[in-house]
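Okay, structure first, notes after.
Here, each number is a calculation from the coordinates, and none is a lab measurement. If you're wondering where the values come from, they're calculated on a predicted model, not measured in any experiment. Cβ placement follows ideal geometry from the backbone for every residue including glycine, while neighbour counts extend to all protein chains displayed.
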Amino acid sequence: MSLLEVRGLKVHFPITEGVLFERRIGAVQAVDGVDLDIERGETLGLVGESGCGKSTVSKAILRLVEPTAGSVSFDGHEVTRLGGEELRRLRRRMQMIFQDPYSSLDPRQSVGSILSEPIRTHNLERDGAKVEARVRELLEVVGLPGEAAGRFPHEFSGGQRQRIGIARALAVRPDLIIADEPVSALDVSIQAQVVNLLEELQEEFGLTYMVVAHDLAVVRHISDRIAVMYLGRIVEVASSDELYESPLHPYTIALLSAIPIPDPAVEVGRRRILLTGDLPSPADPPPGCRFHTRCPYRQPTRCHDEAPALRQLGTAHTVACHWAEDIKAGKLKPHEVPVEDTDALAAALAEQATTAPRAGRPRL
Ligand SMILES: Nc1ncnc2c1ncn2[C@@H]1O[C@H](COP(=O)(O)OP(=O)(O)O)[C@@H](O)[C@H]1O
Ligand code: SF4
Ligand SMILES: [Mg+2]
């Protein structure tokens, strides 16, 4: 049994009209039928561009937002049906790390009090001296000095604040940590340090991770498997190596083709597949395959009117595309922007660069 099993998860946010008599006029289908498994001790990366529903999936797993439908089973317990004390006890075992460590830490609380609060709330230690010792231990584990306990969040750098956020998650000895864009707000030079820290902690404490990112480059090394999400659905799942070496879904293929390769000789001869257009609105998703409005491999049949199911193609590799076999066999080629069309390429890359976060990598 996997530690986490998510089946048919949907989160629809109602869109209402009217003040006195609120009428429901539609719904934002932020998450619309997601299946995921995470094995004990493994790291699952969840990637997709901004707005595709990654944070909503994360929060729904922890019941920080209420699922509209579907099931979330954690270590055999159905999270969607739990309430009160049972839910509180289960939540200790599932912790979340947020993108912006500053806004997720109470600025009026000292680091010592931020870290001791969850220890006391969950009755892990009662004795004051023991709580204090545990806080010092947690700080040491995340590479911060013991005297940090007496200081406040604003006295730390972004990377250090994320270490405090990690220590807070570890304080309650969780089994699963969901890290929602844990390094997206950090400078590139700091990102690797935080990712390495997460890896060391996983080893040391036998943790299971779901690491969310809009940047495939960030999750590559930390993830055992990667799930790619598009407009509320999972479109491809494979081991990290397999996904990078032989991506099957057109969306994944396009995302990977946009990551620059450090070797200029390879980079020059490479073909980039550019995604045109914006992510469609999850309040009015395209019919059929949700990716068809932007898909460089779109075909005249099936794509527009038949939703592709996630199906297995190869060992432990699943993909939701009607044409995956033909794409894999090289029978279908993308309608790509030719690399010779340098103006279009330059314009698209410039646009990616301006919308990219501080990391400077292409935004997915
Ligand atoms: N509380 C909410 N009410 C209405 N719409 C929401 C709410 N939270 C998220 N959304 C919408 O759901 C979609 C997915 O959002 P989110 O899960 O934050 O995506 P991601 O984390 O991948 O950027 C977006 O269109 C977003 O605007
Ligand atoms: S089903 Fe069609 S539109 Fe969807 S990803 Fe496959 S080729 Fe593209
Ligand atoms: Mg998010």
With N set to the residue count of the chain, report its C-alpha Rg divided by 2.2 N^0.38 Å to two decimal places. 1.05
Under a 5 Å amide H to amide H cut-off, with H placed in plane at 1.01 Å, what residues pair with Ile178 once short-range neighbours are removed? Gln95, Met96, Ile97, Met210
In this structure, the FRET efficiency calculated for Glu306 and Ala217 from their beta-carbon separation, with R0 = 25 Å, to the nearest 0.05, is 0.15
Highest mean first, how do 287-299, 72-84 rank when packing is the count of other Cβ atoms within 10 Å averaged over residues? 287-299, 72-84
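To the nearest 0.05, how large is the calculated FRET efficiency for Ala283 and Arg151 if R₀ is 41 Å and r is the Cβ-Cβ distance? Present the calculation step by step, with values, prior to reporting the outcome.
Numbers: r = 44 Å, r/R0 = 1.07.
The pair Ala283/Arg151 has a calculated efficiency of 0.40.
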How would you rank Glu236, Glu132, Glu155, going from fewest to most other Cβ atoms within 10 Å of each one's own Cβ? Glu155, Glu132, Glu236
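On a full-extension model of 0.36 nm per residue, what is the gain between Glu17 and Ile259, subtracting their alpha-carbon distance, rounded to one decimal in nm?
Details: separation 242, 0.36 × 242 = 87.12 nm, distance 4.19 nm.
That works out to 82.9 nm of additional length.
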Return the sequence-ordered ³J(HN,Hα) values of the range 13-30 in whole Hz as given by the Karplus equation 6.51 cos²θ - 1.76 cosθ + 1.60 applied to θ = phi - 60°, using x for Gly and Pro. 9, x, 9, 10, 9, x, 9, 6, 10, 5, 10, 7, 10, x, 8, 7, 7, 4
Stokes-Einstein D (µm²/s) once Rh is taken as the Kirkwood radius of the range 2-124 over alpha-carbon pairs, at 25 °C in 0.890 mPa s: 147 µm²/s
Could you work out the relative contact order of the chain? I mean the mean sequence separation of Cα pairs under 8 Å and 6+ apart, divided by the number of residues, in percent. 18 percent
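Work out how much length Ala69 to Asn196 would gain on full extension: take 0.36 nm times their residue separation and subtract the Cα-Cα distance, in nm to one decimal.
Details: separation 127, 0.36 × 127 = 45.72 nm, distance 3.58 nm.
Computed gain between Ala69 and Asn196 is 42.1 nm.
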Quick one: Cα convex hull volume of the range 124-279, Å³ per residue? 150 Å³
DSSP loop (so not H, G, I, E, B), at most 13 other Cβ within 10 Å: list which trypsin sites (Lys or Arg not before Pro) in the range 110-165 pass both filters. Arg126
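Averaging the inverse of every distinct alpha carbon separation and then flipping it gives the Kirkwood radius. What is it for the range 70-135, in angstrom units?
Value: 14.0 Å, from the Cα pair sum.
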Note, the range 327-334: 3J(HN,Hα) by Karplus (6.51, -1.76, 1.60, θ = phi - 60°), whole Hz, Gly/Pro = x, goes 5, 4, 6, x, 6, 10, 10, x
Can you return the aspartates and glutamates within cross-link range of Lys59? Criterion is Cα-Cα under 18 Å, with same-chain partners fewer than 8 residues away left out. Glu5, Asp32, Asp35, Asp37, Glu49, Asp75, Glu78, Glu86, Asp100, Asp175, Asp180, Glu181
Using +1 at the C-beta of Lys and Arg and -1 at the C-beta of Asp and Glu, which of Ala30, Gly159, Cys295 has the Cα lying farthest in the positive direction of the dipole of the chain? Ala30
